[in-house]
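For reference, the structure discussed in these notes is given below.
Laboratory data are not the source of any read-out in this text; all were calculated from the coordinates shown. Predicted model, so just to flag it, every value in this text is computed and none were measured. Counting neighbours? That spans all protein chains shown, and the Cβs are built from the backbone with ideal geometry, glycine included.
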Amino acid sequence: MSKSKISVLAAAIVVLLGAVPAWAQVRPEVSVTVGWTFADGVSATDPILAGGQLYDRVDPKDSFNWGLGLGIPVNDNVELGFLFGQQPSTLIAGGTTEKEIGDFTTNTYHGYFGYNFGEADAKVRPYFLFGLGATNYGGVDFTRSNGQPGTIASFTQFSTTWGAGVKGYGAGHVGYRAGASWTPTYIKSDSVGWWCDPYWGCYVVGDPQYANQFSLNGGVLFKF
């Protein structure tokens, strides 16, 4: 992880800690998870001809993921937190055939609101969370069809994340966490025509495209 990304993670944690006035009365939770992500990308407005094949979309390959989480209880049921996730993958061009472009990493950063169901001392608690943040798509180095090197630059887009699952607590400070999440990230809008109104006039209507990550995760939960 780069120094800039570590700084973003550290700053988010500091903000969360500062938002809770009675630090001595809360028991933060730290989680380390691993899992699998089913990912999709976006389609192209104009297909690209390369090597005798037509390509009209790009997608990250489904792959392993890992993540870190920090949750700060506000009361017995509500918590605020921060989630970091990483999916090391491969970017694939699709169309009349599929072609691997190069190694591709997706990083997600989300502050979240979570709700834990049941009593505070229950051994198993279902949860739901909603987060706002950003998804960073790493750059890709690849070789063009003519043999020349090419690069797709890294970029970051606003995203949300939605998750649900269960937390289990043992007799000590160690438990488990298992769940599923969906992270849609806005990428672009394609023009689909014009819309006209007698008052507002005419403007181009866009069809938004989102890249999606559907993840299944499980891991260790530490409650301090």
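Taking label points 7 Å from Cα along the Cα-to-Cβ direction, Phe214 and Phe113 give a separation of 2.6 nm. Once label points are set 7 Å from the Cα along Cα→Cβ at both Lys61 and Lys123, what is their separation, rounded to one decimal in nm? About 4.2 nm, to one decimal. Between Asp46 and Val32, the contour length at 0.36 nm per residue exceeds the alpha carbon distance by 0.9 nm.
Residues whose amide H falls under 5 Å from that of Ser89, counting only those 5 or more places apart or on a different chain, are Phe104, Thr105, Thr106, with hydrogens built in the peptide plane. For segment 99-114, the residues whose backbone nitrogen is under 13 Å from a point 7 Å from the Cα of Thr143, taken along Cα to Cβ, are 100-102.
Once C-alpha pairs closer than 8 Å and six or more residues apart are averaged by separation and normalised to the residue number of segment 90-173, the relative contact order reads 28 percent. A simple spin-label model places pseudo-atoms 7 Å from Cα toward Cβ; at Ala164 and Asp76 they are separated by 2.3 nm.
Straightening the chain between Leu68 and Lys188 buys 40.4 nm, computed as 0.36 nm per residue apart minus the Cα-Cα spacing.
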